[in-house]
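Each remark here refers to the structure printed beneath this line.
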Amino acid sequence: MQNKDHTVIPGEALIYERANGIVYARYRDPPHNKKKRWIVGGSPEGFITGTAMPRPSDWPNVEDTNPDYTLMQLHPELQDKYKEFLELQVKYRAWETVIGQ
């Protein structure tokens, strides 16, 4: 079994967990049980639309996750907030790379 972010170690027992419609796997036994769980599947409702990110239960069900660029052109303060958001995403991706997720 292989996930795009994780290759399963042959012969190691796994534990499967379900949360918010997403199925996760993690290792059962030491020393591998220190590794974080990873997504192996689940229902589309368990993910934020247009992403591979788990959707919290209190997340609104939004169909279109693309920003409204016309609205941002009319309101420069939205442009600033969107730029902050993009910079934060880059930091999150860098942090996930560093910790090995």
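Each value in this text was obtained by applying a stated rule to the coordinates, not by laboratory testing. Here the structure is a predicted model, which is why all the values come from computation and not from measurement.
Between helix 76-99 and the chain, what is the angle of the helix's C-alpha long axis to the longest principal axis, kept within 0 to 90° and rounded to the nearest 10?
20 degrees
Who wins for biggest fluctuation among Val23, Val40, Val90 in a Gaussian network model of the chain, springs between alpha carbons below 10 Å?
With Cα springs under 10 Å in the chain, the top fluctuation among Val23, Val40, Val90 is at Val90.
Round to a whole angstrom and tell me the spacing of the C-alpha centers of segment 80-94 and segment 24-44.
27 Å
Using a Gaussian network model of the chain whose springs link C-alpha atoms within less than 10 Å, name the residue from Gly46, Gly21, Gly11 with the highest mean-square fluctuation.
Maximum among the listed residues: Gly11.
So I have [x] 1.38; [y] 2.41; [z] 0.98, and one of them is Cα Rg over 2.2 N^0.38 Å calculated from this model. Which one is it?
[x]
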